[in-house]
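Chemist: Before I ask anything, let me first share the structure, which is written out below as C-alpha cells.
Every read-out reported here was derived from the displayed coordinates using simple, explicitly stated rules and does not represent laboratory data. Given the structure is predicted, the values throughout are model-derived calculations rather than measurements. Glycine gets a Cβ as well: all are built from the backbone with ideal geometry, and neighbour counts include every protein chain shown.
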Amino acid sequence: MDVVVTGIGLISALGQDLQSSWNALLTGIPGIHLYQPFAELPHLPLGLIEQRPVDLFELIQQVVAQAVADAGLLLPLSNCGVVIGSSRALQAEWERLAGIGAMPLSDSFIRALPHTPAISAARQIGSTGPVLAPMAACATGIWALAQGFGLIQRGECEQVLAGAVEMPVTPLTLAGFAKMGALAETGCYPFDRHREGLVLGEAGVVFILESLTAARRRGAKIYGKILGFGLTNDAFHVISPDMSGKTAAVAVKNSLYRSKLSAKHINYIHVHGTGTTLNDQCEARLIEKIFPFGVPVSSTKGATGHTLGASGMLGAAFCLMALQEGIVPPCAGLKNPEFDLDFVREARKLALENVLCFAFGFGGQNAVISLGK
C-alpha cells in the first residue's frame with residue numbers, strides 16, 4: 001500500500017511554519033544566535049525558536065494544528081493514528097520537578113512521562129486510535145515516520161499524525177554535551193575542517209500520512225511518497241559511532257532495497273551532519289563507499305541547530321520541499337570542506353525524483369528514509 005504525506009506542521013529556529021523555515025533555509029543564513037537562557041551558564045550558540053526555551057505543549061499544539069490545516073482536514077479525527085516521538089522533550093520538566101525539593105503532585109509527575117507529547121496530540125485531534133511514542137535518540141523522528149507508515153500499511157489506519165518534538169535547551173542537557181566535548185563555541189559547521197561540534201536547537205515537526213487511495217479519494221494535495229526505511233543499531237558504544245560504518249551501511253542499503261531503488265536512483269541526500277568530528281567523518285566515508293559516483297549532499301543543522309529527536313523529521317520535511325520545488329538546500333556553515341563530496345554550498349536547482357534522509361543517533365541508532373516525488 002502506497003503511503004503519502006498530505007500535511008506538514010513545522011516550527012524551527014528558522015521560522016514559525018514550513019514555508020518561512022524553507023525560505024530562510026534557502027538563503028543559507030542560519031537561525032543560530034548567541035543566547036544565555038540560564039544565568040549560571042555562559043552565552044552559547046543555540047537554535048532557539050524564541051528568545052527563551054519554548055513550552056513543549058504549546059509547541060505540539062501549534063505544529064499539530066498547522067499539519068491538520070495544511071492537509072485540509074477537519075477535527076475530530078477519531079480514527080487517525082498518532083505517533084509522536086522525542087528524545088529529550090520532557091527534560092526541562094524533569095529538571096524543574098527535581099528542583100522542587102519535595103514529591104511533586106501526581107499529575108505533574110505523569111505530565112513529565114515520555115509518552116505525554118503523543119497523548120497530548122491525540123487529545124487535540126480527538127483520536128481514539130493507536131498512539132505510539134518512540135524514543136531512539138537522534139533517529140527518533142524517522143522511527144516515528146516508520147511506525148506511522150507501518151500502521152497504514154497494516155491497514156490499522158488510513159491516516160496517521162506522525163512526527164517529533166524537541167526542546168533540549170536545559171541546564172543539564174547543555175552541561176552534559178559540554179562535558180562530552182560535543183558543544184560548539186561559535187556555530188555549527190558540518191563537514192568543515194574547522195568544525196567545532198553541535199549546536200542544540202528546538203523544533204516541532206509533524207506530518208499527516210495517508211494511504212494514497214485515501215488521499216486521492218478526498219482530492220488532497222500530496223507532498224511526496226514514502227518509499228521505504230532502513231533501521232539498524234551498531235551495538236557498539238553508548239556514544240561513539242562504529243567507525244567501520246557496517247550497520248549504518250545496512251540501514252542505507254535496506255532503505256534502497258525496500259524502496260526498489262539502487263544507489264544510482266538517488267538524486268540528493270539530506271545527511272545527518274552534526275558538525276562533530278566523528279559523526280561527520282563516519283558519514284562521509286559511508287557516502288563515499290555507497291555512492292562512489294557522487295551525489296549532491298547537504299546538512300541543514302548549520303542553519304537550524306541539532307534538534308536531536310526532531311532532526312530526522314526536519315530533514316524529511318526539507319526533502320519533501322526539495323522534491324516539490326526542485327531546489328536542494330545548502331549546507332549552511334560549510335566553508336572549507338574536509339571531505340571530497342558533492343556538497344551543496346548554495347541552493348541548487350536540480351531535477352529530483354528520489355531522495356534519502358539520514359539520522360544517526362547516540363548509541364548507534366541508524367535510521368534512513370527514502371522519499372519519492
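Chemist: Can you give the FRET efficiency for GLU50 and LYS335, using 1/(1 + (r/R0)^6), R0 = 45 Å, r = Cβ-Cβ distance, to the nearest 0.05?
Modeler: 0.95
Chemist: How much length, in nm to one decimal, is gained on full extension between ILE239 and GLU288, taken as 0.36 nm per residue of separation minus their Cα-Cα distance?
Modeler: Answer, rounded to one decimal: 15.3 nm.
Chemist: Counting each DSSP H run of 4 or more residues in the chain as -39500 (n - 2.57), what helix-only mean residue ellipticity at 222 nm follows after dividing by all residues, to the nearest 500 deg cm²/dmol?
Modeler: The per-residue figure over the chain is -10000 deg cm²/dmol.
Chemist: Next up: Please order THR277, THR213 by the number of other Cβ within 10 Å, starting at the fewest.
Modeler: THR213, THR277
Chemist: If you take every DSSP beta bridge whose two residues both sit in region 3-217, what share of them, in percent to the nearest 5, is antiparallel?
Modeler: Beta bridges within region 3-217, antiparallel portion: roughly 70 percent.
Chemist: Another one. Taking a ≥ b ≥ c as the square roots of the Cα gyration tensor eigenvalues, with a/c under 1.5 meaning rounded and otherwise prolate when a/b beats b/c, else oblate, which class fits region 111-265?
Modeler: oblate
Chemist: Kindly state, as a whole number, the per residue volume in cubic angstrom of the convex hull around the alpha carbon atoms of region 1-48.
Modeler: 112 Å³
Chemist: For the chain, what's the relative contact order in percent, using C-alpha pairs closer than 8 Å and at least 6 residues apart?
Modeler: With pairs under 8 Å counted, the relative contact order is 24 percent.
Chemist: Set the Förster radius R0 to 41 Å, insert the Cβ-Cβ distance between LEU41 and LEU75 as r into 1/(1 + (r/R0)^6), and round the FRET efficiency to 0.05.
Modeler: The calculated FRET efficiency here is 0.50.
Chemist: On to the next question. At a 10 Å Cβ-Cβ cut-off, how would you order VAL160, VAL131, fewest neighbours first?
Modeler: VAL131, VAL160
Chemist: Follow-up. Over region 228-372, calculate the relative contact order: mean separation of alpha carbon pairs under 8 Å at least 6 apart, over the residue count, as a percent.
Modeler: 36 percent
Chemist: Then there's this: If eta is 0.692 mPa s and T is 37 °C, what Stokes-Einstein diffusion coefficient results for region 228-372, Kirkwood Rh from Cα pairs, in µm²/s?
Modeler: After rounding, the answer is 220 µm²/s.
Chemist: Please arrange MET321, MET313, MET135 by how many other C-beta atoms lie within 10 Å of their C-beta, fewest to most.
Modeler: In increasing order of surrounding Cβ atoms, one gets MET135, MET321, MET313.
Chemist: Taking a ≥ b ≥ c as the square roots of the Cα gyration tensor eigenvalues, with a/c under 1.5 meaning rounded and otherwise prolate when a/b beats b/c, else oblate, which class fits region 3-217?
Modeler: Because a/c hits 1.5 or more and a/b fails to exceed b/c, region 3-217 counts as oblate.
Chemist: If you don't mind, there's one more thing I want to ask. In terms of the Cα gyration tensor, with a ≥ b ≥ c the square roots of its eigenvalues, is region 1-127 rounded because a/c is under 1.5, prolate because a/b exceeds b/c, or oblate?
Modeler: Judged from the Cα gyration tensor, region 1-127 comes out oblate (a/c at least 1.5, b/c at or above a/b).
Chemist: Quick check on the chain: of the DSSP beta bridges with both residues there, what percent are antiparallel, nearest 5%?
Modeler: 70 percent
Chemist: Which whole-number percentage describes the relative contact order of region 299-366, with Cα contacts under 8 Å and a sequence gap of 6 or more?
Modeler: 35 percent
Chemist: Could you tell me the center-to-center distance, by alpha carbons, between region 77-101 and region 115-180 in angstrom?
Modeler: Computed from Cα coordinates, the inter-centre distance equals 9 Å.
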